[in-house]
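K.L.:
Starting off with a structure, shown below.
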Amino acid sequence: MASVSNLSTLNPAASLSEALPHRRNSSRNCFLSFKPSSSAADYKISLSSSLRSLHSIPRKTSLRIKCSQTDGNGSPAKRTVLHDLYEKEGQSPWYDNLCRPVTDLLPLIASGVRGVTSNPAIFQKAISSSDAYNDQFRELVQAGKDIESAYWELVVKDIQDACKLFEPIYDQTDGGDGYVSVEVSPRLADDTEGTIEAAKWLHKVVDRPNVYIKIPATEPCVPSIKEVIANGISVNVTLIFSLARYEAVIDAYLDGLEASGLNDLSRVTSVASFFVSRVDTLIDKTLEKIGTSEALNLRGKAAVAQAALAYQLYQRKFSGPRWEALVKKGAKKQRLLWASTSVKNPAYPDTLYVAPLIGPDTVSTMPDQALEAFIDHGTVHRTIDSNASEAEGIYNALQKLGIDWGFVGNQLEFEGVDSFKKSFDSLLDSLQEKANSLKLVSH
């Protein structure tokens with residue numbers, strides 16, 4: 001696999017064979033194969049139609065990374081809808097996954113992916129299910145590193161290597177895109193000061209301009225966001241599930257910029273990760289318990305409606321005198337990032353949490369399922385504010401049925417933090433077992 005140090009001048013639009021020059025002569029090159037479903041057809045989707053016709057969109061595609069014998073003279077990567085998503089509508093498609101070898105990201109970059117998000121669950125899966133980390137881990141254990149320190153060294157290497165791959169996009173956009181996100185320990189979700197110190201440490205050890213330090217939007221960590229931004233560190237605020245908490249996150253970003261004392265704010269950026277599909281998963285259960293026709297007809301509509309209202313809030317907050325004063329110092333808007341975009345309910349269309357949320361200055365981070373589906377049969381046009389009044393109507397209708405949006409946000413936040421803690425703890429346990437086995441072998 002290519003050495004990351006040799007990829008500093010990588011053209012993201014280049015073919016995979018061009019990106020891996022040393023593998024030219026009849027080498028086995030990995031590339032993405034997108035196999036469309038037999039029923040796939042072009043379609044257009046708006047907020048309204050996506051919420052009314054949940055069964056009208058093909059659900060099955062197959063994305064595979066496979067190896068092929070080539071002569072090293074492959075043609076440049078074909079354009080995909082991901083390129084159109086960014087160039088025509090101003091939305092950045094990111095990939096919600098990371099594992100070794102990170103050069104497996106190259107075909108995705110060529111297909112139009114412009115950044116990467118990671119979290120404790122992603123690293124738990126990557127490290128526990130792959131041998132690619134064994135050599136480095138063995139060296140760390142033999143050097144006397146404790147398990148958690150070893151974990152962070154494994155993670156930091158992946159983040160640094162991924163940052164290198166996306167650095168050309170970061171440079172081409174003057175720091176506007178091409179970011180790789182790494183999250184502070186989920187054990188710190190209720191620790192304001194601990195989160196601040198962890199964010200500073202991660203930023204220092206990763207030492208890449210295009211790294212985002214992920215901080216959860218828990219109530220104790222909202223002040224952490226302000227402080228970390230004020231220290232000139234770019235942040236991905238994660239686990240946002242409600243409009244009220246989202247507004248607090250925006251305010252923390254603005255407060256941090258104002259408190260930074262910097263005359264040039266252009267390199268302090270942020271995204272606010274607003275989670276989508278999990279909202280429907282929770283609210284749909286309540287609607288099914290209510291059981292009326294009105295309640296059942298609202299299934300699968302809550303998440304997109306709330307997200308559309310979040311975009312309205314974004315537009316309001318990043319305008320007016322306060323924001324304009326920061327713009328004069330080079331401040332960039334904290335982009336909305338749509339997270340949790342994979343569809344959990346197989347009855348829903350597989351692009352439900354991507355297609356209706358297309359709009360300028362936003363990011364959509366997609367795991368494999370959502371990414372393959374959108375490349376296969378997604379279409380690109382602005383949908384996020386195509387029917388704002390309908391989104392508000394759905395939000396209010398759910399409230400009248402007894403849906404407590406504050407409870408939904410708090411419950412999902414608790415579940416999200418708890419899930420990441422369990423992934424983190426599980427991985428540390430697995431690494432401890434592996435370390436014990438290595439010590440037995442060494443003796």
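K.L.:
Counting only protein heavy atoms and a 1.4 Å probe, tell me what percentage of region 81-438's accessible area is made up of carbon and sulfur.
P.N.:
Ligands and nucleic acids excluded, carbon and sulfur give 47 percent.
K.L.:
Starting from 0.36 nm per residue, how many nanometres of slack lie between E392 and D174 once their C-alpha separation is accounted for?
P.N.:
That pair, E392 and D174, stretches by 74.9 nm at full extension.
K.L.:
Here is a further query. Shape call for region 132-269 from the C-alpha gyration tensor, a ≥ b ≥ c root eigenvalues: rounded (a/c under 1.5), prolate (a/b greater than b/c) or oblate?
P.N.:
oblate
K.L.:
Now a separate question. Rank E324, E219 by accessible area, highest first, at a 1.4 Å probe radius?
P.N.:
So the residues, ranked largest to smallest area, are E219, E324.
K.L.:
Using Cα-Cα distances under 8 Å and only pairs 6 or more residues apart, what relative contact order does region 108-248 have, in percent?
P.N.:
21 percent
K.L.:
Now, a different point. Report the accessible area of V156, computed with a 1.4 Å probe over the heavy atoms of all protein chains in place, in Å² rounded to the nearest 10.
P.N.:
20 Å²
K.L.:
May I ask you to rank F241, F407 by accessible area, largest first, using a 1.4 Å probe over the protein chains only?
P.N.:
F407, F241
K.L.:
Using amide H atoms built in the peptide plane, which far-off residues or other-chain residues are under 5 Å from M366 H to H?
P.N.:
W94, Y95, D96
K.L.:
If you don't mind, there's one more thing I want to ask. Search the structure for amide H atoms under 5 Å from the amide H of K214, placed 1.01 Å from N in the peptide plane, and list their residues when 5 or more places away or on another chain.
P.N.:
Placed amide hydrogens put V182, E183, V184, N236 under 5 Å from K214.
K.L.:
With labels modelled as points extended 7 Å from the Cα through the Cβ direction, what inter-label distance (nm, one decimal) is found for D104 paired with N297?
P.N.:
Distance between label points: 4.5 nm.
K.L.:
Here's a follow-up. With label points built 7 Å along Cα→Cβ from the Cα atoms of R267 and E148, find their separation and express it in nm.
P.N.:
3.1 nm
K.L.:
So, taking all protein chains as they sit and a 1.4 Å probe, how much accessible area belongs to V182, in Å² rounded to tens?
P.N.:
Surface accessible to solvent at V182 totals approximately 0 Å².
K.L.:
Using a 1.4 Å probe, how large is the accessible area of E294, given in Å² and rounded to the nearest 10?
P.N.:
Looks like 100 Å² after rounding.
K.L.:
Name the residues whose placed amide hydrogens come within less than 5 Å of the amide hydrogen of L337, ignoring near sequence neighbours (fewer than 5 apart) on the same chain.
P.N.:
Residues meeting the criterion, in which the H sits 1.01 Å from N, are A272, S273, F274, V363.
K.L.:
So what is the relative contact order of region 81-438, in percent, for Cα pairs below 8 Å that sit 6 or more residues apart?
P.N.:
The normalised contact order for region 81-438 reaches 21 percent.
K.L.:
Multiplying the sequence separation of E193 and D385 by 0.36 nm and subtracting their Cα-Cα distance, what value in nm do you get?
P.N.:
Separation in residues times 0.36 nm, less the Cα-Cα distance, equals 65.3 nm.
K.L.:
What lysines sit close enough to K157 to cross-link, taking a C-alpha to C-alpha distance under 18 Å and skipping anything fewer than 8 places away on the same chain?
P.N.:
Straight-distance partners of K157: K125, K145, K200, K204, K214.
K.L.:
If DNA, RNA and ligands are ignored and the probe is 1.4 Å, what is the ranking of D96, D174 by accessible area, most exposed first?
P.N.:
D174, D96
K.L.:
Same structure again: What net charge is computed for the residues neighbouring A126, neighbours being all others with C-beta under 10 Å from the C-beta of A126, Lys and Arg scored +1, Asp and Glu -1?
P.N.:
+1
The values are calculated or read from the model by the stated rules, or taken from the named source; none is laboratory data. Predicted model only: the values in this text are computed from it and were never measured. All Cβ positions, even for glycine, are placed from backbone atoms using ideal geometry, and neighbour counts span all protein chains on display. Please note that ligands, DNA and RNA were not included when accessible areas were found on the heavy atoms of the full protein model with its side chains. Shrake-Rupley method; radii C 1.70, N 1.55, O 1.52, S 1.80 Å.
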